[in-house]
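See structure below.
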Amino acid sequence: MLLAARERAGQLGCSSIAPGAGAVLRLLAATLRARSVVEVGTGTGVASVWMLRGMAPDGVLTTIDIEAEHLTAAKAAFAAEGVRSTRTRAICGRAGDVLPRLADGAYDLVLVSADKDGLPDYVEQALRLLRPGGVLAVDDALWHDRVADPARRDEVTTTVREVGRSLAQDDRVVPALLPSGNGLLLAVRR
């Protein structure tokens, strides 16, 4: 099932989370007994399925993507996985418009796996959405091994690097950077 969703991502020109990072997300969702999860950047639903596999059986995943075609592919992945439609809420729209409408402190896990231009705002919104003990996960936190290279100063690398530094200094969270996949930056909300 995940293989088909990954292939569909290639056809649509979007990336999907690496299996190692997906396994970490499943573990986190299970550890948290997650019942309310938000995903920013659905793609074809690969990360969504990983999280749904770890979530509580009655848990609900809210996933946001600007591309309707991505959400259609993700819904096909959910159906192939046997996920009841009541367990997912797919929202087509800009994350910057959707996230402010979601409830403060109501979510167990927030995955940010979207365009890096909006990353600082998405992370700030995610921190607002998380309950104490909830986890923020930022995919592509090593950005193709460029973040650790100080000579890399392109806009995307700099943005990803600055988000990591900002979370490292943020008293609201306890962060850790895992080298799973393309890097998974995690932060537990105090």
So which residues in region 70-92 are open to solvent by less than 20 Å² (accessible area, probe 1.4 Å) and free of Cβ contacts under 8 Å to residues at least 40 places away in the same chain, if there are any at all?
Leu71, Phe78
Looking at region 59-69, which of the residues that are open to solvent by 30 Å² or more (accessible area, probe 1.4 Å) and touching a helix residue (DSSP H, G or I) at 6+ places or on another chain (Cβ under 9 Å) is nearest to Val135 (Cα to Cα)?
Val60
Going through region 107-132 one residue at a time, which ones are part of a helix (DSSP H, G or I) and open to solvent by 20 Å² or more (accessible area, probe 1.4 Å)?
Asp117, Pro120, Asp121, Tyr122, Glu124, Gln125, Arg128
Regarding region 140-159, can at least one residue be identified that is over 25 Å from Val46 (Cβ atoms), in a helix (DSSP H, G or I) and over 15 Å from the mean Cα position of the chain (by Cα)?
yes
Could you tell me which residue of region 11-58 is least open to solvent (accessible area, probe 1.4 Å), considering only residues that are under 20 Å from Cys92 (Cα atoms) and over 15 Å from the mean Cα position of the chain (by Cα)?
Leu12
Return the only residue of Val147, Val135 being among the hydrophobic types (A, V, I, L, M, F, W, C), at pLDDT 95 or above and either open to solvent by 70 Å² or more (accessible area, probe 1.4 Å) or touching a helix residue (DSSP H, G or I) at 6+ places or on another chain (Cβ under 6 Å) (or both).
Val135
Go through region 158-180 and give me each residue that's in contact with a helix residue (DSSP H, G or I) (Cβ under 9 Å, 6 or more places away or on another chain), within 22 Å of Gly20 (Cβ to Cβ) and of a type in the set (Val, Ile, Thr).
Val160, Val163
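The values are calculated or read from the model by the stated rules, or taken from the named source; none is laboratory data. Worth saying up front: this structure is predicted, and the values here are computed from it rather than measured. When we count neighbours, we look across all protein chains shown, and the Cβ atoms used for this are built from the backbone with ideal geometry, even at glycine. Just the protein is used for accessible areas: all its heavy atoms, side chains included, with ligands, DNA and RNA removed. Shrake-Rupley method; radii C 1.70, N 1.55, O 1.52, S 1.80 Å.
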